[in-house]
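Read-outs throughout are calculated quantities, based only on the coordinates presented, and are distinct from any laboratory measurement. Fair warning: this is a prediction, and the values are worked out from it, not measured in the lab. Here the Cβ is made from the backbone with ideal geometry for all residues, glycine too, and neighbour counts use every protein chain on show.
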Amino acid sequence: MAPRIESEGFLVILFDFIKQHPLGSMYALVGLVMVLIIYSVYRYALPRVDSREPPLVNPRIPLIGHNIALIRDGPGAWLKIHKKRSLPIVTLPVLGGTGKIYMTTSPSLITAMFASPTLQFTPLLTPIVKPFVQLGPQQARDFESGMLLGWVHSLPRMLSSGGAGREVTAAALEDLRKQIGGAVGETQVGRGEIEVADIGMWIRDVVSRALIKGLIGNVPWAEDKTFIQAFWDLEWELDHFLTSPIPAWTVPRAFKARTHVLDVLEAWFTSTTPTTTTHSEGFGPGVLSPVAVKLLSAADPLTHWTPRDRATLLLFLIHVALSNVVQTTWWFFAHVYSDAKLVAALQDEVKDALAATNTTDTTANALVDLTQSTSQSCPLLRASLLETQRVVTSTPIVRSVTADTIISDGKGGREYLLEKGAFVLAPRTIVHNDAKHWGEDAEEFQPERFLPRQPAAAAATTTTCTVVGNGANAEKGRDGVVRGTFIPFGGGREICPGRYVATSTVLAMVAMLLTTVDIKTRRDAPVKVPGPGKLQLTTVVWRIPRETSWRGSIQSRRG
């Protein structure tokens, strides 16, 4: 006996439709079955949202709309979602994982996110790294087992403001000094000068080499311009290695660049036995820094790891360093040199600070020492870097929800449930440009936001910052801004372990450029700061353009 359909539901409508179309019943049946499948997938694939979870923001295209937006717009997708629903925190249904992502732009919720021990970045490390490197199945399983965690946990100690961290900055700065001296050293006629077809690319390349020398070691490929160019060709299209199943077709230039970089590193590993030393002991051929050796040692017990596999580990370290520090340095330079008055003010500030030290040390070491106390010795230089970070840092801070977690929007504020297995993120593109905290000119470069000032009735030991919207009772961080509104390095237990050495290195490099060379574009026009270009999922800092129009000269500076 045929089953009896008692409900007046979807199946009744389906059978009635078929009865009314006897000639095309097969086509009608196939079409309606497809509709039924789509409906079922949509109905049952949508994430179940608890009433305590953040409000749901559905995409225009069911199921995959937010995924498409992320691939297409990168960090810009978060801004569009925020404009659609300007809420402290929202739930975004996505395809994959648990089917949901939480996005918060509330400073108090961001602070709570950093404080929670169950919201962690470490579980995301391996999934983020794997698509960028070429590993076989066995090596991929090694990644998944957490082989990088020991190295990550050792970084805060290695890269503290002293010790190896200071040596990294000093070595990088010394190499930058040598490059500048080699290019524009004093001549018998007078000050050395070179014409540069693209000042922007010159800055990128000399800083890239210097940072590799400082963080990785005295390696020959740091001086290979083809290697440096290949790295940046890869960096420019890095997103495709995360989102495209066939990057060899979608981004052939970047794919070839990655192959070239790995070929160079593999050949070096094959022909050299890298050793380690502290920078102060001097460099020899093949000498690696302790940071690089510690990373590579993770593969020492794994006899199946080939020189090619080790090359992928080293490429990961190069990416972490250059994509953050070099790009921040580049945009710091661009914003500073777009304002001739700011350049002059910074040159005077750094010169006076160096004179006040009464040191007979080398310029490189003196500048490294100077960067340890810029809030007192070079407040404008420091403020200019902080403002650069505010403007150009674009990726979201992401945490994995490792257990059901309740976070609160401030004391007495609303509480939200974050379910285990989901992700929660804080989009810096929005947080760093929120007019409520930074003023209506939030999208403009204004170093004065971070300049310390003394209120008339304040004690001599108290400083605040000229940041709009702090509020009299708002909880503020060390930079005088509301906690959760300025997060270039993240926060909490998993704040960026290299923040001290990164900050010191960027400050010292720009300070060296300011004090050792005069950089002039044609007709002495200020540098024109490019726009951010296309923001991608992996765009931690705005991408350096492939080229600029900054043609001009670089001349050694007197005094």
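Worth pointing out:
- Site pair Arg522 and Glu440 shows an inter-label distance of 3.8 nm when each label is modelled 7 Å from Cα along Cα→Cβ.
- Stretch gain in nm, segment Arg558-Val152, where the contour uses 0.36 nm per residue and the Cα spacing is subtracted: 141.9 nm
- Per-residue Cβ neighbour counts within 10 Å put Phe486, Phe332, Phe143 in the sequence Phe143, Phe332, Phe486, beginning with the fewest.
- Backbone phi angles across the stretch 524-530, fed through the Karplus curve with coefficients 6.51, -1.76 and 1.60 (θ = phi - 60°), yield HN-Hα couplings of 6, 6, x, 4, 8, 6, x Hz in residue order; Gly and Pro are listed as x.
- For the stretch 146-159, 3J(HN,Hα) computed residue by residue from phi via the Karplus equation (6.51, -1.76, 1.60; θ = phi - 60°) reads x, 5, 8, 5, x, 5, 4, 5, 8, 5, x, 6, 5, 9 Hz, glycine and proline entered as x.
- Added length on full extension, which subtracts the Cα-Cα distance from 0.36 nm per residue, Ser549 to Thr98: 157.7 nm
- By the count of neighbouring beta-carbon atoms within 10 Å, fewest first, Ser553, Ser394 end up ordered Ser553, Ser394.
- Residue-by-residue Karplus 3J(HN,Hα) for the stretch 106-115, coefficients 6.51, -1.76, 1.60, Hz, glycine and proline x: 7, x, 5, 6, 5, 4, 5, 4, 5, 7
- Sequence-distant residues sharing a close amide H with Leu417 (under 5 Å, placed H): Glu53
- Residues listed by number, the stretch 494-538, amide nitrogen under 13 Å from Glu193 label point at 7 Å toward C-beta: 518-524
- Cut-off under 5 Å, modelled amide H: who pairs with Val517 long-range: Arg557
- Separation in nanometres of the label points that stand 7 Å from Cα toward Cβ, at Arg253 and Glu223: 2.9
- Annotation: the residues Asp73, Asp309, Asp263, sorted from fewest to most other C-beta atoms within 10 Å of their own C-beta, follow the order Asp263, Asp73, Asp309.
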